[in-house]
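Colleague: Once you've had a glance at the structure underneath, I'll fire off some questions.
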Amino acid sequence: MTQFGVLPEDPRARRVVIALDQVDFDGIDMGDSRNLLRRRDVAVVNVEDQQNLAGSLAGELIDAGVLTAGAVLAQNPYRNDDYLPVQESDQAFAIEKFMVVSHICQLLGAKSIEVLKVDEQERNSHWSAGAGVGVKGTKVDATVKGEKAASLARRIELHDQFDGAEPNIELAIAALRSRNLTRERDLVALIDGRTGDHNLLKKRTLEMDLSTESRRLLDIALEVNVPVLPVSAKAALEKASSEKSHYLVRYVVDF
């Protein structure tokens, strides 16, 4: 935990950021709240400690209006210095992962990416593309069960198209590393399939879990609901817990 508002350099030490005013910050060292002092993945910022905030990441987040007293922030799993309020992070991070995957496919020389199905497992919500999918400008005939899956489907491109190109393996691997996705086995296999001089992969259907990384962060956040947290922070955690989502997307990539 940071003691003076300047967030740790190590991204692993600030998976979740809790913003407190001076009074609540001083109360951390009391009773049941002391376990925050032992957390190695949670940073606590005193937003009133102006002397130590200037020029820091915490200061930038405060200037952007993201880090305010009582806020609980989740670190973007794919960009370590980017944060969102924990209650807003689930779908936003799922969308970002989808966009990262699309970019990696583009670097691998993809011609198109078509979304076939979106499942949200927490509420048994589903969106499935029908006959209209895959044609730009054509209304998609879809089957929908529940709002969560349909909401995500509306916010991602249902059909990305590219010119197609020779795979740039070096850039694809660099993108995988910079976005913290080196353990995403399907993406590693996709890169392998596009590596080499002969018989390169031309088409693959993928089912990608867009919530793997964000759910880990939410689990961390929900563990820090301690007495010292102000009402607004507890409300944010309760909302995040009640609305947490688990998105799976199936799509086909053509090279």
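Any read-out appearing in this document is the output of simple, stated calculations on the displayed coordinates, not a laboratory observation. The structure displayed is predicted, hence computed values, not measured ones. Counting neighbours? That spans all protein chains shown, and the Cβs are built from the backbone with ideal geometry, glycine included.
Colleague: Fully extended, how many nm does the chain gain between V66 and D26 (0.36 nm per residue separation, minus their Cα-Cα distance)?
Modeller: Details: separation 40, 0.36 × 40 = 14.40 nm, distance 2.18 nm.
Once the chain is fully extended between V66 and D26, it gains 12.2 nm.
Colleague: Computed from these coordinates, which is log10 I(q)/I(0) by the Debye sum over Cα atoms at q = 0.07, 0.13, 0.16 Å⁻¹: [x] -0.30, -0.86, -1.10; [y] -0.24, -0.77, -1.10; [z] -0.34, -1.03, -1.19?
Modeller: Answer label, from the structure shown: [x].
Colleague: Can you give the extra length, in nm with one decimal, that the chain gains between A189 and E88 once fully stretched, where that is 0.36 nm per residue apart less the Cα-Cα distance? It would help to have the intermediate numbers written out before the result.
Modeller: Numbers: separation 101, 0.36 × 101 = 36.36 nm, distance 3.13 nm.
Extra length available between A189 and E88 comes to 33.2 nm.
Colleague: Which residue, chosen from V42, H198, N76, occupies the Cα position most advanced towards the positive end of the dipole of the chain, where the dipole is computed from +1 (Lys, Arg) and -1 (Asp, Glu) charges on Cβ about the Cα centre?
Modeller: H198
Colleague: So if R0 is 51 Å, what FRET efficiency would R177 and E147 give, r being the distance between their Cβ atoms, rounded to the nearest 0.05? Walk me through the numbers on the way to the answer.
Modeller: Working: r = 35 Å, r/R0 = 0.69.
E(calc), rounded to 0.05, equals 0.90.
Colleague: Assuming a ≥ b ≥ c are the square roots of the Cα gyration tensor eigenvalues, decide whether region 6-99 counts as rounded (a/c under 1.5), prolate (otherwise, with a/b larger than b/c) or oblate.
Modeller: prolate
Colleague: Under a GNM of the chain (C-alpha, springs under 10 Å), which listed residue has the highest mean-square fluctuation: G55, G146, G70?
Modeller: Most flexible of the set in this elastic network: G55.
Colleague: Quick check: the distance between the Cα centres of region 203-248 and region 66-99, to the nearest angstrom?
Modeller: 10 Å
Colleague: Right, next: With only Lys, Arg, Asp and Glu charged, each at its Cβ (+1 for the first two, -1 for the last two), find how big the charge dipole of the chain is about the Cα centre; round to the nearest 20 debye.
Modeller: Computed charge dipole of the chain: roughly 880 debye.
Colleague: Given points 7 Å out from each Cα along the Cα-Cβ axis, report the R123 to D81 separation in nanometres with one decimal.
Modeller: Using points 7 Å along Cα→Cβ, the separation is 3.5 nm.
Colleague: Which residues does the label zone of D10 cover in region 35-66, counting backbone N under 11 Å from a point 7 Å along Cα→Cβ?
Modeller: In region 35-66, the label zone of D10 (backbone N under 11 Å from the point 7 Å along Cα→Cβ) covers 40-42.
Colleague: Rounded, prolate or oblate for region 48-184? Axes are the square roots of the Cα gyration tensor eigenvalues, ordered a ≥ b ≥ c, and the cut-off for rounded is a/c under 1.5.
Modeller: oblate
Colleague: List the residues of region 83-114 whose backbone N lies under 14 Å from a point placed 7 Å from the Cα of R250 along the Cα-to-Cβ direction.
Modeller: Once the point is set 7 Å along Cα→Cβ of R250, 114 turn out to lie under 14 Å by backbone N, inside region 83-114.
Colleague: Would you be so kind as to identify all helices of the chain, as entire DSSP H runs, whose Cα atoms reach 15 Å or more along the helix's own axis and whose mean Kyte-Doolittle hydropathy is at least -1.0?
Modeller: 89-107, 212-222, 231-243
Colleague: Once amide H atoms are built 1.01 Å from N in the peptide plane, which residues 5 or more positions from L116, or in another chain, come under 5 Å H to H?
Modeller: So L116 has HN proximity to R250, Y251, V252.
Colleague: Right, here's the next one. Sum -39500 (n - 2.57) across every DSSP H segment of at least 4 residues in the chain, then divide by the residue count to get the 222 nm mean residue ellipticity, nearest 500.
Modeller: About -10000 deg cm²/dmol.
Colleague: When we measure straight from the Cα of K111, which aspartates and glutamates land under 12 angstrom away, once same-chain ones fewer than 8 places off are left out?
Modeller: D160, D163, E166, D254
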